[in-house]
Structures are given as C-alpha cells and as structure tokens.
1. Could you please find all residues in region C:142-173 being surrounded by fewer than 24 Cβ atoms within 10 Å (Cβ to Cβ) and more than 21 Å from the chain's Cα centre (by Cα)?
2. Within region A:33-49, can you find the residues that are of a type in the set (Ser, Thr, Tyr) and either assigned to a helix (DSSP H, G or I) or touching a Phe, Trp or Tyr at 6+ places or on another chain (Cβ under 8 Å) (or both)?
3. Restrict the check to region A:50-68 and report whether at least one residue is out of contact with any Cys (no Cβ under 6 Å at 6 or more places or on another chain), farther than 21 Å from A:ALA175 by Cα, away from chain B (no Cβ under 13 Å) and part of a helix (DSSP H, G or I).
4. Determine which single condition B:LEU54 fails, assuming it passes every other condition in (1) crowded, with 20+ Cβ neighbours inside 10 Å; (2) under 27 Å from A:LEU78 (Cβ atoms); (3) away from chain A (no Cβ under 14 Å).
5. Any residue at all in region A:180-199 that's within 11 Å of another protein chain (Cβ to nearest Cβ), closer than 23 Å to C:ARG150 by Cα and either of a type in the set (A, V, I, L, M, F, W, C) or over 17 Å from the mean Cα position of the chain (by Cα) (or both)?
6. Among the helices (runs of 4 or more DSSP H) contained in region B:80-187, which hold 2 or more residues that are within 14 Å of another protein chain (Cβ to nearest Cβ)?
7. Among what's in region A:200-217 and is surrounded by fewer than 22 Cβ atoms within 10 Å (Cβ to Cβ) and in contact (Cβ under 8 Å) with a residue 60 or more places away in the chain, pick the residue that is nearest to the other protein chains (Cβ to nearest Cβ).
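The values are calculated or read from the model by the stated rules, or taken from the named source; none is laboratory data. None of the values given here were measured: they were computed from a predicted structure. Note that we place each Cβ from the backbone using ideal geometry, even for glycine, and neighbour counts take in every protein chain shown.
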Amino acid sequence: MFINVLNRELRIAARSPGEWLQPLCFLLIVMTLFPLGIGPSPGLLATLAPALIWITALMAVLLSVDRLFRDDFEDGTLEQLVLSSGPVWLNSLAKVCAHWLFTGLPIVCLSPFLCIMMNLSSQWMPKVALSLLLGTPILSLLAALGGALTVGLRQGSALLPVIIMPLMIPVLILATQAIASPASGDAYFLWLGALLSFSLTFLPLAIAASLKVAVSR
Amino acid sequence: MIDSPLILCHVRNLACERNQRTLFSGLSFRLEQGQILHLKGPNGSGKTTLLRILAGLFIDYDGQIEWQQDHHLIYAGHQYAVQGQLTPLENLSFILSLQGIAVARDEIYRALADFGLEDTRFSLCRELSEGQRKRVTLCRLSLSKRPIWLLDEPYSALDEAGAALLSGICEQHLLSGGGLVMTSHQAVPITQPIDTLELQPCL
Amino acid sequence: MNIRLWNWIHKLGSAKHFYRFSSLILPGLWVVSVLILSLGLYAGLMLAPADYQQGDSFRIMYIHVPAAILSQSSYVMMASMGALFLIWKIKLADVAMRTVAPIGAALTFVALLTGAIWGKPTWGTWWVWDARLTSTLILMFLFLGVLAIRNAAGNGPAAGRMAAILAVIGVINLPIIKYSVDWWFTLHQPASFSLTERPAMPVEMWLPLVVMILGFYSWFFALWILRIRTEVLVTEANKDWVRQLVNQR
C-alpha cells in the first residue's frame with residue numbers, strides 16, 4: 001500500500017510539473033537576491049554561503065508543503081486515506097517520501113550550482129550536498145506535520161511557517177555547523193543522521209494523528 | 001428478503017454535542033443485512049455527523065457502537081475523492097487499494113462501462129463533469145466488496161439515468177446481504193424495506 | 001489509602017469537582033503567593049548586597065530568572081495537559097491547556113523583556129545572542145505557534161487536539177533545541193559571555209532568588225486555577241450545577 005500511495009503521488013506530481021518546479025525557482029531567485037543585497041565580494045559570500053543555502057532550502061520546503069494535504073482534503077481523498085485499512089502513518093510516510101523526492105532531492109541536486117553561485121569552492125560541495133541529503137527529509141517531515149495540522153484551517157498556509165520554523169532550528173544549526181567545521185566535523189553528520197532516524201520514527205505517527213483530527217472537523 | 005438477517009451494527013445510547021448544542025442523545029438502533037437505514041431531517045439536524053460517527057471519522061461522542069466485523073465499511077461523503085490529475089482507472093484502483101481490495105483492470109473498465117463512462121477511459125478526471133465524477137464514485141461502490149455502505153446525499157448531482165443506476169446497485173447490494181445507511185432529503189427510490197430515522201434539531 | 005488518593009485525583013478530572021476543590025484552596029493560595037512575593041521582592045531589592053561588577057542593575061535577575069524558569073515549566077505543563085487530553089480524553093485537560101498557554105507566553109515575554117533590560121547597563125546593547133536568551137526567544141515562538149493554532153481552529157475538541165499535538169511535539173523538541181542552541185553558542189563564543197553564568201553568589205543574593213521562584217510558582221498556579229474556573233463556567237454553562245451556582249448568587 002505504501003507503493004500505491006507513493007505511485008499515485010509521483011504520477012500526480014509528474015502531471016503537474018508547475019507545482020514542484022515553483023519552489024525550486026523560488027530557491028534560485030532568492031539565491032540571486034543575496035549577492036545583490038550583500039555585495040559581490042567572493043570572500044563574504046563564501047563565508048555566508050552554508051547558512052544562506054540552508055535558510056533558502058528551508059523556505060522552499062515550507063512553501064511547497066501546503067499542497068501536500070490541502071488538495072486531498074478538499075476533494076475527499078484525505079478521508080479515504082484516514083479510513084484505509086492500512087496504517088495511516090504508513091500512508092503519511094509515503095506522501096512525505098514523494099514530497100521529498102520532488103522537493104528535497106532536487107535541492108540536493110541543485111546544490112553544486114548554488115555553491116558556485118555563492119563562490120564556494122568545489123571542495124565544499126560534497127559536504128553541502130550531504131548535509132542537504134540528510135537534512136531535507138527532516139525538513140519535509142516537519143513541514144508535513146505543519147501541513148497536516150493546518151490543512152483544515154482557513155488561513156492554514158500562512159500559519160504553517162509560524163508553527164514549524166522553531167522546530168526546524170536544530171536542523172539548521174546542525175547542518176550549517178556540519179558544513180562549516182573542519183575535517184573533524186563528521187560527527188555532526190552523524191548527529192544529523194541520528195536526528196533523521198528519530199524524526200522518521202516519531203513524526204509519521206504525529207502526522208497521522210493530525211490528519212485524523214483534521215478530518216474530524 | 002433474507003431469512004434471519006445478521007445484525008451488522010448495533011448502536012446504543014449514542015449522544016453527541018457540537019458547538020455546545022446537543023445534536024442527539026440516547027439514540028439506539030440496529031442495522032441488519034438487507035436493510036436500508038434512511039436518515040432524514042432538516043439541515044443541521046446532525047445527519048452527516050451521525051454518518052461520520054458511524055464511519056469512524058468523528059470521535060467526540062458518547063455511547064457504544066458494535067460492529068459485526070472489522071474493515072467492513074465504505075464511506076462516500078459529499079466529496080467524491082476523485083483526484084483531477086488522474087484518470088478514472090487510476091483513481092479507482094488507488095481508492096480500492098486503500099481498502100485492501102485489488103481489482104483487475106478489466107473489471108474496472110467493465111464497471112466504468114456499466115456507468116456510462118467508457119468514453120472517459122483516457123481522460124483526466126478534471127475534464128469530466130460533476131455528474132460524471134459522481135458516477136466514478138458509484139463505480140467504486142459497486143467494485144468494493146464491503147458489506148456496509150454509508151452514503152451522504154448519494155442522489156445529488158445525478159441525472160435520471162444516474163439515479164436509476166444508483167438504485168440498481170443499491171438493490172443488488174442489499175439482496176446480497178449488505179446493509180446501507182444513507183442521508184437524503186427526498187424519498188429513497190429503492191424497492192427494498194426501508195427504515196427511517198428522523199432527526200429533529202434539539203433546541 | 002492508595003486507592004482513595006487515586007480516586008480523588010481521578011475525580012479532579014471532572015469539571016464540577018475541580019471547581020469545588022479549587023474554591024477551597026484558591027483564596028489561601030492567593031494569600032500565600034502575595035506574601036512570598038512581597039518577602040522575596042523586599043529581600044531581593046533591599047536586603048541583598050549590590051553586586052561588585054554590576055552594581056544594582058543585577059537586581060532585575062529577581063524577576064528575569066523566575067520568569068525564565070517558569071516559562072519553560074509552563075510549556076512542559078501545557079504539553080503534559082495536552083498529552084492527557086490526547087491519550088485519556090479528559091476534557092478538563094483541554095481547558096487547562098488552553099488557559100495556561102497565554103500565561104506561559106506572557107511569562108516568556110517578561111523573561112525576554114527583563115533579559116533585554118538587564119543587558120543594556122551590563123553590556124551596552126539591548127539584545128545579545130547568548131544561549132539562554134536565544135532559547136527563550138525560540139520558546140516564545142513555540143508558544144505563539146500553539147496560540148496561533150488555537151486561534152485559527154476555534155474552541156472545539158478537534159482544535160484542542162491539534163494544539164495538543166503541536167505542544168507535545170514541541171516539548172519533545174525542546175531538549176533538542178536547547179542542546180543545539182547551547183552548542184551553537186559555545187562554538188561561536190569561546191569566551192564566557194553569558195549573562196547568566198555568574199560566579200558563585202553569596203547566600204544573601206541567591207536566597208531571595210529562591211524565594212522569588214517559589215513566589216512566582218504559587219502565583220502562577222493561583223492564576224491558572226482561576227482561569228480554569230472561569231473557563232469551566234463558560235464551557236459547562238448549560239449544565240445544572242452551573243445554573244445552580246449562578247442562581248445562588
């Protein structure tokens with residue numbers, strides 16, 4: 001059943017490419033704004049780069065998560081997901097997986113270009129990519145929780161960032177430190193991995209609980 | 001008529017409050033095989049809430065609901081659960097798979113044809129009219145093999161032909177030992193014994 | 001004996017019994033908290049000696065530290081009430097949760113404000129990104145999140161569940177956030193910079209602090225109980241015992 005939900009999400013995403021391309025365009029545009037605002041000095045940009053890339057990735061994920069549950073809520077599919085005979089948390093996990101494949105993974109793939117834009121030399125690219133690879137799934141999971149909580153509310157999409165951003169702060173701190181610290185920074189990647197497995201264990205359950213509440217209103 | 005029908009569902013002393021208003025209290029009834037329970041009442045009397053309580057979507061109630069078996073119901077509410085970016089085939093096979101039912105593609109095509117939708121095989125559901133999308137939901141009902149159907153205003157958005165199809169599958173379902181609970185403003189045009197439960201808004 | 005105690009605690013979950021029980025203890029609690037707070041304030045403002053580094057401006061600590069401690073405990077209490085509501089469906093827990101959220105948010109704001117006031121004479125700036133103040137700011141956002149969800153979702157039980165889920169996730173995240181902020185701070189500020197890491201204080205200084213903390217706690221509980229009572233009267237307005245109470249007045 002996980003495969004079925006995943007399949008469906010991938011099919012829908014493939015048929016409406018605008019929906020998931022939009023946050024990525026947003027990412028690229030904002031990354032262009034930073035040098036325009038800060039000034040083109042390569043040294044300064046390179047120093048700020050990990051944080052800027054990460055904050056922009058965070059915002060892009062937040063932007064893209066609203067459609068995750070809202071469409072299904074409005075056409076009644078969410079009710080059927082909640083009523084399904086399989087566990088709701090597994091269905092939720094499948095949806096978040098699909099969301100990450102179309103949001104987080106493209107960001108990981110774009111990261112070398114973002115590094116180039118920020119004058120970050122190529123030795124940093126693997127670290128940036130790895131931090132995004134481990135961190136964006138956590139962001140997707142947290143953002144999905146926000147989406148599930150706000151899906152039935154009138155101004156839900158405006159409320160989502162307010163609710164979820166404080167919870168994303170540890171990811172931001174860990175990831176930027178993992179990039180910026182010297183070779184002994186591998187420990188930070190392990191911490192990031194630990195946070196990821198922790199989130200994978202608990203957050204789908206919370207998302208499932210929120211969906212059940214959303215559907216009962 | 002079925003001899004000695006099985007009781008599919010037994011409800012005792014159901015009470016529910018919403019927005020500090022009592023919707024109903026002390027409600028008790030049974031749903032038997034081959035029986036239709038028709039929920040009647042003016043707007044706001046709690047018909048949809050009662051249906052959603054039976055479906056398991058709404059959980060703030062007092063009282064007991066006993067079901068004869070698990071994974072037995074199918075709920076079709078006001079929304080059709082039809083995703084615009086998918087074809088009818090994809091929609092149906094997905095929703096049925098959510099209920100653990102795997103249906104062969106040919107069977108789905110046959111059901112679509114029965115409901116007059118054979119031309120829409122390759123269209124995306126957002127290109128269908130509302131009545132056609134409703135018929136896709138009806139296909140889902142006929143393809144699922146579950147004994148209890150909970151339908152919220154099933155006859156809305158259907159033309160005469162569609163209504164006749166709906167009555168047809170409902171009768172078939174009842175004759176094969178299923179139970180049906182539906183809300184409807186109008187009289188139910190099905191030639192099977194109907195039990196009516198009328199809900200009045202409490203003041 | 002154990003069974004009796006358990007039964008009594010269980011009874012407290014009912015709005016009616018809670019109301020009756022709180023009618024007995026609330027006046028006493030107010031008196032106690034006012035007494036302790038006055039004692040603490042007097043001791044802290046008058047009796048404690050001036051700090052050799054900061055002079056008299058350190059005295060804002062007597063409000064800042066209790067407020068900060070209480071803001072964190074109130075978040076944990078709020079999340080516990082949320083968990084009670086989610087798991088055991090006790091309606092009073094929902095009432096308790098939504099009444100404590102504004103109190104906690106206000107306390108966090110007071111902690112932030114007094115932190116800024118403390119910073120100005122000590123470090124010359126209104127704000128400093130040290131570990132404690134940053135964590136308090138994040139806590140403020142967590143509170144605002146719960147309040148925002150409550151506001152948007154209305155008053156029904158579904159709204160209570162949403163806020164409870166957010167609060168529980170927040171409380172699980174709280175140690176993670178604190179740990180990562182502390183670690184972030186020590187990485188970037190190797191020299192000891194923190195407003196709140198101080199050399200050992202003499203008894204005359206920290207004793208009033210303890211008294212103030214106790215006073216804050218008792219005042220907090222008194223206020224919370226009062227709010228629960230009011231809220232209970234509103235939500236159970238159509239019940240007989242409430243009507244009787246109103247008619248008696």
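1. If the condition is that a residue be surrounded by fewer than 24 Cβ atoms within 10 Å (Cβ to Cβ) and more than 21 Å from the chain's Cα centre (by Cα), then C:ALA152, C:GLY154, C:ASN155, C:GLY156, C:PRO157, C:ALA158, C:ALA159 are the ones that fit.
2. Looking only at region A:33-49, we keep the residues that are of a type in the set (Ser, Thr, Tyr), and these are A:41, A:47.
Of everything in region A:33-49, just one residue is of a type in the set (Ser, Thr, Tyr) and either assigned to a helix (DSSP H, G or I) or touching a Phe, Trp or Tyr at 6+ places or on another chain (Cβ under 8 Å) (or both), namely A:THR47.
3. Within region A:50-68 (the criterion being out of contact with any Cys (no Cβ under 6 Å at 6 or more places or on another chain), farther than 21 Å from A:ALA175 by Cα, away from chain B (no Cβ under 13 Å) and part of a helix (DSSP H, G or I)), the answer is yes, since at least one residue qualifies.
4. Only one criterion in (1) crowded, with 20+ Cβ neighbours inside 10 Å; (2) under 27 Å from A:LEU78 (Cβ atoms); (3) away from chain A (no Cβ under 14 Å) is unmet by B:LEU54, namely (3).
5. no
6. Values: elements: B:88-98, B:105-114, B:130-143, B:160-175.
So the answer is B:88-98, B:130-143.
7. Looking only at region A:200-217, we keep the residues that are surrounded by fewer than 22 Cβ atoms within 10 Å (Cβ to Cβ), and these are A:200-202, A:205, A:208, A:212, A:216-217.
So of that shortlist, the ones also in contact (Cβ under 8 Å) with a residue 60 or more places away in the chain come out as A:200, A:205, A:208, A:212, A:217.
Working: A:LEU200: 14, A:LEU205: 10, A:ALA208: 10, A:LYS212: 8, A:ARG217: 5 Å.
Ranking the candidates gives A:ARG217 first.
This table checks each residue for (1) more than 7 Å from chain A (Cβ to nearest Cβ); (2) touching a helix residue (DSSP H, G or I) at 6+ places or on another chain (Cβ under 7 Å); (3) not β-branched (Val, Ile, Thr).
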site: C:LEU147; (1), (2), (3): yes, yes, yes
site: C:GLY154; (1), (2), (3): yes, no, yes
site: C:ALA158; (1), (2), (3): no, yes, yes
site: C:ALA164; (1), (2), (3): yes, yes, yes
site: C:VAL168; (1), (2), (3): yes, yes, no
site: C:LYS178; (1), (2), (3): yes, yes, yes
site: C:PHE185; (1), (2), (3): yes, yes, yes
